[in-house]
Amino acid sequence: MKFVDEFRDGQLAEGIAGAIRKTVEVNRRYHFMEFCGGHTHAIARYGIPDLLPDNVRMIHGPGCPVCVLPIGRIDLAIRLALEHGVILCSYGDTLRVPASNGLSLLRAKALVDKARGDIRMIYSPNDALKIARENPSRQVVFFAIGFETTTPPTAVALLTAEREGLQNFSVLCCHVLTPAAITHILDSPEVRDLGLVALDGFIGPAHVSTVIGSQPYEFFAEEYRKPVVIAGFEPLDVMQAILMLIRQVNTGNYRVENEFTRAVTREGNRKAQALVAECFELRKQFEWRGLGEVPYSALKIRERLAAFDAETRFNLTYQPVPDHKSCECGAILRGVKHPTDCKLFGMVCTPDSPMGSCMVSSEGCCAAHYTYGRHKDHPQGHATS
Ligand code: SF4
């Protein structure tokens with residue numbers, strides 16, 4: 001298949017690996033964070049750490065939208081179905097994230113009074129709109145999660161509901177923002193003061209930048225002196241991005257480079273940005289699993305569309321809930337620990353029976369390691385070694 005096979009070619013990968021070996025300086029250590037779970041998945045699936053020299057290490061970042069959802073947000077969605085009797089709609093992975101009291105949305109589905117509410121898996125916000133149109137006497141809530149990539153479709157759903165006057169449709173908005181999370185990581189004590197996580201640069205997610213462009217990352221190169229390469233999700237994209245980061249570190253000329261020129265521009269998609277700006281504004285604070293409260297890191301629905309905001313319509317109040325005490329997802333999402341540092345990894349926590357959010361989605365680093373790397377866990381993968 002054109003475009004996919006080309007970016008998975010083993011010989012080309014060997015060629016880039018050779019260029020990386022020639023480019024690294026032997027007395028230097030390189031620590032790069034791949035922010036996005038899509039990159040984490042590609043790195044584990046294609047065995048990229050095995051192709052890297054010992055002094056180049058990849059650190060998994062918090063860029064999996066399912067992994068960073070705190071328990072309290074899933075609890076809100078469960079309450080909507082159990083207590084308010086709504087038809088709660090969300091994506092498949094979201095339904096499996098562990099919540100309080102041993103529940104998940106999937107488990108809560110069995111407890112719902114079907115005469116009133118339900119919990120349903122959907123593939124897009126359009127599916128939730130369709131359910132609302134087909135059930136005019138029931139309240140339908142779309143539990144919207146994800147980074148900047150999935151925000152424009154939620155905006156379109158809100159505007160469609162407004163245009164059609166769909167009075168039984170609302171959105172529980174949990175959309176989060178990539179640059180704010182990177183700032184938070186760079187300002188964290190582990191990176192800034194304690195030296196627990198060495199970070200020499202970032203691989204930025206291409207799909208996010210198809211919407212926001214590469215420009216929002218320039219701040220990290222200019223203010224924090226951290227290079228960023230926006231990269232696609234195929235193995236050769238990731239390898240090429242690592243080579244580009246190594247070159248920047250060697251020269252000390254830090255900037256944002258775009259490996260994914262086939263779809264990303266500096267400005268991004270202005271039309272999508274305008275839709276998002278029309279529907280959403282910044283939240284002052286939002287809790288991320290692993291990162292805690294991160295200022296201005298998430299979106300809420302604008303006052304003008306408050307009629308379609310589930311938090312307003314159902315008068316929801318957010319309650320933070322601590323993670324399972326043995327789960328290391330928080331430290332893993334901050335780049336401080338590795339999946340195998342968790343006592344539950346592969347024992348009681350597996351993709352079939354996830355105890356923490358990082359084991360739920362294929363983009364979660366615990367799930368990626370379990371599926372592709374647990375039998376030969378490479379010491380290079382360890383964030384703190
Ligand atoms: S293995 Fe499971 S419990 Fe442990 S950190 Fe990963 S997701 Fe959490």
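FYI, it's all coordinate maths here, none of it is from the lab. Quick caveat: nothing in here was measured; it's all calculated off a predicted structure. Backbone-built Cβ (ideal geometry, glycine too); neighbour counts: all protein chains shown.
Model label sites at ARG302 and ALA274, defined 7 Å from Cα along the beta-carbon direction, differ in position by 1.3 nm. For the stretch 214-281 versus the stretch 104-166, the spacing of their alpha-carbon centroids is 32 Å. Shape verdict for the stretch 1-91, please, from the Cα gyration tensor: rounded (a/c under 1.5), prolate (a/b greater than b/c) or oblate. Oblate, since a/c reaches 1.5 and b/c is not below a/b.
The GNM of the chain, with springs linking C-alpha atoms under 10 angstrom apart, assigns the highest mean-square fluctuation among ALA144, ALA115, ALA263 to ALA115.
Run the numbers on the chain and let me know its relative contact order in percent, using alpha-carbon pairs under 8 Å that are six or more apart. Normalised by residue count, the contact order of the chain is 23 percent. Helix 270-279 and the longest principal axis of the Cα set of the chain meet at an angle near 40°.
Here, the chain has an Rg and a Dmax of 20.9, 68 Å when only alpha carbons are counted.
With each label modelled as a point 7 angstrom along the Cα→C-beta vector, the VAL321-ARG266 pair spans 4.6 nm. Loop-located trypsin sites (Lys or Arg not before Pro) in the stretch 1-92 (DSSP state other than H, G, I, E, B) with a sparse environment of at most 10 neighbouring Cβ atoms within 10 Å: LYS2.
Helical content alone sets the calculated 222 nm signal of the chain at -10000 deg cm²/dmol, taking -39,500 (n - 2.57) per DSSP H segment of four or more residues and averaging over every residue. Using Cα springs under 10 Å in a Gaussian network model of the chain, which residue among GLY117, GLY364, GLY232 shows the largest mean-square fluctuation? Highest fluctuation among the options: GLY117.
P(r) tail, the stretch 55-143: Cα-Cα pairs separated by more than 20 Å, 36% of all pairs. For the stretch 329-371, a Kirkwood radius taken over Cα pairs fed into Stokes-Einstein (10 °C, viscosity 1.306 mPa s) yields D = 162 µm²/s.
Label-to-label distance for ASN55 and LYS22 is 1.8 nm, based on points extended 7 Å past Cα in the beta-carbon direction. Listed by chain and number, the lysines placed with their C-alpha closer than 24 angstrom to that of LYS226 are LYS22, LYS337; residues fewer than eight positions away on the same chain are left out. Reported to the nearest whole Å, the Cα centre-to-centre distance from the stretch 14-78 to the stretch 298-355 is 20. Considering only VAL156, VAL97, VAL208, the mean-square fluctuation computed in a Gaussian network model of the chain, springs between alpha carbons under 10 angstrom, is largest for VAL156.
In terms of Cα to Cα distance under 18 Å, which lysines are near enough to LYS343, apart from those fewer than 8 places away along the same chain? Within the straight-line cut-off, LYS343 pairs with LYS325, LYS376. Between the listed residues ILE20, GLY268, VAL294, the Cα displaced farthest toward the positive end of the dipole of the chain, a dipole computed from Cβ unit charges relative to the Cα centre, is found at VAL294. Cross-link partners of LYS300 among aspartates and glutamates, defined as those whose alpha carbon lies under 17 angstrom from its own and excluding same-chain residues fewer than eight positions apart: GLU148, GLU162, GLU278, GLU281, GLU287, ASP309, GLU311.
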